[in-house]
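Where a number appears in this text, it was derived from the coordinates with a stated rule and is not lab data. The structure presented is a predicted model; accordingly, all values stated were derived computationally and were not measured. Because the Cβ atoms are built from the backbone with ideal geometry, glycine has one as well, and the counts that use them run over all protein chains shown.
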Amino acid sequence: MTATVIDGKAFAAKVRGQVADHVARLKEAHGITPGLAVVLVGEDPASQVYVRSKGKMTVEVGMKSVEHKLDADTSEEDLLAVVKSLNEDPEIHGILVQLPLPGHLNEDLVINSIDPAKDVDGFHISNVGLLGTGQKSMVPCTPLGCLMMLRDHHGSLSGLNAVVIGRSNIVGKPMAQLLLNDSCTVTIAHSRTKDIQDVVRGADVVVAAVGRPEMVTGEWIKPGATVIDVGINRIDAPEKGEGKTRLVGDCHYDSCAEVAGAITPVPGGVGPMTIACLLANTVTACCRANGLAEPEGLTA
Ligand code: GUN
């Protein structure tokens with residue numbers, strides 16, 4: 001079998017289009033412009049690239065974009081004051097504090113200081129609890145993007161065996177919860193899981209989010225299964241020339257694509273969906289804040 005390629009880049013463009021349409025309606029009918037604030041502490045190059053990209057796409061869909069760039073040695077008190085001012089700003093509907101934070105800052109404390117209604121990352125303990133009890137919440141962007149692609153491909157996910165590889169708070173745990181809420185039978189596998197190949201081989205849906213390059217190979221995959229690869233790993237690529245690198249996922253693409261029914265590529269799979277879902281969450285937060293109907297198909 002050669003797997004259907006799930007085109008995350010095209011899917012993300014479609015989601016951004018839906019977001020832009022909704023933003024235009026909010027402006028026209030209600031005079032409201034959704035606003036997203038991103039807080040970046042320090043100069044981590046990967047975070048800087050990511051934040052720039054977020055800002056550009058926020059503006060492209062017609063939303064207001066605010067960036068707070070703080071020095072790496074910013075005190076917790078000063079960072080909390082920035083979050084507080086954004087919590088109180090009526091023009092800001094979504095707040096994202098880019099992680100990881102420098103080591104002297106308490107991430108949990110900072111994340112939990114964000115107004116849960118503006119927590120477009122869905123990391124606040126209130127949103128984690130709401131998602132865990134099947135209530136309306138803000139949903140973490142990467143798992144939301146995976147869910148959208150899975151629903152689009154399968155229609156209903158009810159009754160499917162899903163294995164999530166990885167147990168992070170950002171991806172693995174919320175992904176498992178979303179799949180459970182969609183009536184999958186869910187297993188979370190991780191670095192200590194015994195006979196992990198056999199566990200994964202039982203899955204109709206595999207979501208790999210471990211951060212280990214090409215760990216999952218075709219032999220692990222049940223024929224016809226759907227493989228969602230969240231990993232983005234840079235590895236040496238001597239075949240491209242000395243010192244060259246390439247991006248790979250947590251799944252070995254070629255061998256998995258031979259067995260799977262559908263697969264997301266890296267790059268161009270899950271990656272582009274994360275920012276698209278951040279924008280979707282910002283519109284959702286804005287609608288909720290104003291007591292307006294939420295955009296359809298853009299929430300869990
Ligand atoms: N760092 C890497 N991914 C993310 C994310 O989704 N949200 C935030 N806030 N920081 C991140």
Worksheet item: Say we look at the range 149-191 and pick out the residues that are assigned to a loop (DSSP other than H, G, I, E, B) and in contact (Cβ under 8 Å) with a residue 40 or more places away in the chain; which of these is farthest from Cys277 (Cα to Cα)?
Response: Leu160
Fill in: Any hit, the range 55-77, residues being more than 16 Å from the ligand (Cβ to nearest atom), within 20 Å of the chain's Cα centre (by Cα) and under 20 Å from Asp44 (Cα atoms)
yes
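Can we say Val227 is more than 21 Å from the chain's Cα centre (by Cα) and either surrounded by 12 or more Cβ atoms within 10 Å (Cβ to Cβ) or of a type in the set (Phe, Trp, Tyr) (or both)?
So Val227 does not fit the description; no.
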Practice prompt. Inspect all residues belonging to the range 95-102 and state whether any of them is buried (at least 21 other Cβ atoms within 10 Å of the Cβ), closer than 24 Å to Asp71 by Cβ and more than 13 Å from the ligand (Cβ to nearest atom).
Written response: no
Worksheet item: Between a first residue in the range 80-104 that is touching a residue at least 40 places away in the same chain (Cβ under 8 Å) and a second residue that is assigned to a loop (DSSP other than H, G, I, E, B) and among the charged types (D, E, K, R), which pairs have beta carbons less than 7 Å apart while being 6 or more apart in sequence or on different chains?
Response: Leu96/Asp121
Item to complete: Scan the range 78-128 for residues that are within 17 Å of the chain's Cα centre (by Cα) and basic (Lys, Arg) and jot them down.
Response: Lys118
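Go through the range 11-121 and tell me which helices (runs of 4 or more DSSP H), entirely inside it, have 1 or more residues that are closer than 18 Å to Thr284 by Cα.
45-60, 76-87
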Practice prompt. Answer yes or no: is there a residue in the range 14-34 that is more than 16 Å from the ligand (Cβ to nearest atom), free of Cβ contacts under 8 Å to residues at least 12 places away in the same chain and under 30 Å from Ser255 (Cα atoms).
Written response: yes
Discussion item. Please pick out the residue among Asp108, Asp73 that is loosely packed, with under 15 Cβ neighbours inside 10 Å, without any contact (Cβ under 8 Å) to a residue 60 or more places away in the chain and closer than 21 Å to Lys173 by Cα.
Written reply: Asp108
Fill in: Residue ID - nearest to the ligand (Cβ to nearest atom), chosen from residues in the range 133-152 that are more than 26 Å from Gly269 (Cα to Cα) and not polar (S, T, N, Q)
Lys136
